Amino acid sequence: MRSALLALAVSAALAAPASAQTLNVATAGDQNMVDYIKDYLGPLFEKSHPGVKVVAVGTGPGDSGSQKIFEKLSAQKAANAPAWDFDVVVIHQKMAGDMAKDALLAKYRGDIPTGKLVTRDTAENSLGADVSGYVMPMFHSQTAIAYNADMVKDVPNSYPELAAWAKAHPKQFGYNGIKGGMSGVAFVAGWIYAFGQDGDKLLKGPYDASAKAGWDKALADLKEFNKNVVITPGNAGTLDMLNRGEIAMGPVWVDMFYTWQADGKLPPNMKLKLVAPGMPGQPMYYAVPAKAAQKKLAEDFIALATSPEVQAQGIVKKFNWYPGIDAQNLEGKLDKADWNKLFTDITPADLSSKGKPFPIAPYFNDILESYEKKVAN
Amino acid sequence: MTDSRFLALGLVAPALALVAALFLYPLGFSLVTAFTHEGVLSLANFGKAFDLYSVDILYTLFIVLLAGALTAVAAVAIAGVLTLGETPWLVGALRALYRWPLFIPFIVAGQCMRTFLAKNGLMNNSFVAMGLLDPLQTASLLDWRGIVITFVWKQAPFVTLLLAGAMASLDRATIEAGRNLGAGRLRVLVEIVLPQVMPTLLVALVLSFVTTMSVLSVPMMVAGSQPTMLTVDMAFRINAYGDYPVANALGVISYAITGLAAWFYLRQSIRKEAAA
């Protein structure tokens, strides 16, 4: 009798949440992405949709996080599952193209009211793959060189000047290679833009498998450059070493930089510089899996997430990202001071001339593999 | 076959099925992927693995062997004090303390070392505060040394645990005979105790070797990525390129290295059984 009661209680406990609706959000990226959904966006959505529970899952930083989402969805597709486990996914650029091509995503941008608030190229084209309709940019982020203004007087303006500076100041420049997060990858991509041939073709295509032969000199120089620099453990590793004064300069994500500085984890004398010809940045995308169990709720969630208010208060003010939707839509939703904070060291003009995308996917892989072969090994 | 044989088979079957499904099948699958390129049997994945990661393979071997050697030294020292020590409070304190790192996961150890071993980290700052070092003399240990230090710190207690057990079960008469004839404790340790527990030490080191080969978090967190250990390369192969074949080829190279260690282990344990 007692066990029957217990079973009843257990099944009641299990059934209760099922009667309410659950929205499963899987997000790739650093911990700040999970925090954003869990602490900010999720509660906001639950307030406007009573009875809905938002469950956020982080799948890990860098492209590996997106890879895990891809593998889960593609396994459920292969198994002909009627409804997939994720309702909203937040993914990186490289994987978005693959997922759209493999029919893992729903075309939803036209169905939500905020769909027309973004006109940037990144909403249509993801590293050379056509993703129009499948994604909404959550935010844009940018890499730049952070430096300690007390230790660096002659701030380099370009990659050649930076290389010369690192040579003159051994072990004062640090970056995380290509296996410890995207800020190092971005630095290497920027190096190829600066010293490889045909930088423009890397961004626009068409892909030419023989192009990598033109990078030999650039990579040999990078190997030489590496002898005078510190290889740090990860994106946060670079910031840690900057904070402790162990290095004076290194590539970082702009949003992480501002967040760390606001938290007092970086000294106030740290500054940012976007060096010529430019360094890459990238958006993160909101997408809806093709067989999401809660497609309608998922669309509502993304509509809220890309509304001007949330983009202003959450993305820009709280987390220091550049907005995903076009900037003019945020006018009036944000204090001038909060907006200007994003452009303290890097002006909008710098950003438009030197903020580059990552190379198209096949070149991207070629750059990473050439680096492994010619620089790291 | 009798009924009891069937019953026995039936009892073993779930365990066997589990091993087959969760170990043999993935192992076979990864072997097949490693040796297949564009649908045909080939060594292309291994060619690429050596082309890109030959330095990392040597680096991995260097790290695990060095960590193993230092672990052995530390374990022999601790177990020796526990067995031959004559200062009760020292032996007691050591016995209570040495096992602690066993309960700390690798990733937590990596996280602690990251701030402890940095150039301006806790260790160097303490040395500077004690007046042992000038701030300008400090150096960061967050490279291969950091990985080795973390591995030794984490693995020495495990090896010590097995070794101290073996030493405790030795016939004390041999030790006392040596002491009575005037041998120092160090000499007793090296010439009488150690030869008798050598098989246990080697087995413990082999197990520790296999563990350190497979750790991903420590090389990732403690040191930069050039060069790095094979586990990091495997993760990168999958995460950056979705390239399972070359990752599996690297995996097979790891099996081959740990396979050698396992062969050594089996040979030791067979010898021990034959001797018993």
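Over all alpha-carbon pairs of segment A:146-208, lay out the pair-distance distribution in 10 Å bins, whole %, shortest bin first.
The distribution over segment A:146-208 is 19, 43, 29, 8, 1, given as percents.
Residue by residue through B:225-231, how many Cβ atoms from other chains fall within 10 Å of the Cβ on average? Kindly include the intermediate steps, with their values, before the conclusion.
Numbers: counts 14, 13, 4, 6, 0, 0, 0.
Rounded to a whole number, the mean comes out at 5.
Which of rounded, prolate, oblate describes segment B:205-252, given a ≥ b ≥ c as roots of the alpha-carbon gyration tensor eigenvalues and a/c under 1.5 marking rounded, otherwise prolate only if a/b is larger than b/c?
Numbers: a/c = 2.73, a/b = 1.34, b/c = 2.04.
Oblate shape, in that a/c is at least 1.5 and b/c is the bigger or equal ratio.
Considering Cα pairs under 8 angstrom that are at least six residues apart, work out the relative contact order of chain B and quote it in whole percent. Please report the intermediate quantities before stating the final value.
On the way: 260 pairs, mean separation 76.7, N = 276.
Contact order relative to length: 28 percent.
Could you work out the relative contact order of chain A, using alpha carbon pairs under 8 angstrom and six or more residues apart, expressed as a whole percent?
Numbers: 670 pairs, mean separation 89.7, N = 377.
Across chain A, relative contact order equals 24 percent.
Considering the zone a paramagnetic label at residue B:18 would reach in this model (a point 7 Å from Cα along the Cα-to-Cβ line), which residues of segment B:193-212 have amide N under 15 Å from it?
Residues passing the 15 Å test: none.
Kirkwood Rh, Cα Rg: Rg to Rh for segment B:74-142? Can you show the working numbers first?
Values: Rg = 16.0 Å, Rh = 14.4 Å.
Rg divided by Rh gives 1.11.
Between 0 and 90 degrees, rounded to the nearest ten: what's the tilt of helix A:2-19 against the longest Cα principal axis of chain A?
Compared with the principal axis, the helix lies near 60 degrees.
Could you list log10 I(q)/I(0) for the protein assembly as shown at q = 0.07, 0.09 Å⁻¹, which the Debye formula gives when each Cα is one point scatterer?
Debye curve over Cα of the protein assembly as shown, log10 I(q)/I(0) at q = 0.07, 0.09 Å⁻¹: -0.57, -0.90.
If one takes the longest principal axis of the Cα atoms in chain A, at what angle in degrees, from 0 to 90 and to the nearest 10, does the Cα axis of helix A:182-195 lie?
Tilt relative to chain A: about 40 degrees.
Quick one: of A:68/A:171; A:204/A:271; A:47/A:341; A:47/A:296; A:116/A:356, which pairs are farther than 26 Å apart, Cα to Cα? Spell out each step's value before the answer.
On the way: A:68/A:171 36 Å; A:204/A:271 31 Å; A:47/A:341 29 Å; A:47/A:296 17 Å; A:116/A:356 23 Å.
Beyond 26 Å between Cα atoms: A:68/A:171; A:204/A:271; A:47/A:341.
Calculate the mean, over all residues of peptide A:359-367, of how many other protein chain Cβ atoms lie within 10 angstrom of the residue's Cβ. Before the final figure, lay out each step's value.
Working: counts 0, 0, 0, 0, 0, 2, 4, 0, 0.
Across the residues of A:359-367, the mean count of other-chain Cβ atoms within 10 Å is 1.
Please check which bits of segment A:96-111 a label hung off residue A:74 would reach, taking the label as a point 7 Å along Cα-to-C-beta and the cut-off as backbone N under 12 Å.
A:96-104
Taking 22 Å as R0, compute the FRET efficiency from the Cβ-Cβ separation of residue A:335 and residue A:262 and round it to 0.05. Each step should come with its number before you reach the end.
Working: r = 15 Å, r/R0 = 0.69.
Computed FRET efficiency for residue A:335 and residue A:262: 0.90.
Roughly what % of Cα-Cα distances in segment B:120-253 sit above 20 Å, to the whole percent? Numbers along the way, then the final one.
Values: 5828 of 8911 pairs.
Distances greater than 20 Å cover 65 percent of the Cα pairs.
Could you state the angle between the C-alpha long axis of helix A:159-168 and the longest principal axis of the C-alpha atoms of chain A, as a value from 0 to 90 degrees rounded to the nearest 10?
Around 70 degrees separate the two axes.
Based on DSSP H assignment, which helices of chain B show an axial Cα extent of at least 27 Å together with a mean Kyte-Doolittle hydropathy greater than or equal to -0.5? If you can, show how the numbers build up before the last one.
Working: long enough: B:44-84 (55 Å, 1.67); B:144-168 (34 Å, 1.21); B:194-213 (28 Å, 1.73); B:244-275 (44 Å, 0.49).
Span-like helices here: B:44-84, B:144-168, B:194-213, B:244-275.
Taking a cut-off of 21 Å between Cα atoms, list the lysines near residue A:373, but don't count ones fewer than 8 places away on the same chain.
Filter leaves A:179, A:212, A:217, A:223, A:227, B:48.
Stokes-Einstein at 20 °C, 1.002 mPa s, Kirkwood radius from Cα pairs: D for chain B in µm² s⁻¹?
Details: Rh = 21.9 Å.
Translational D for this selection: 98 µm²/s.
Values in this text are rule-based calculations from the coordinates and carry no lab data. This is a predicted model, so every value here is computed, not measured. FYI the Cβ positions are ideal-geometry reconstructions off the backbone, even for glycines, and counts take in every protein chain you see.
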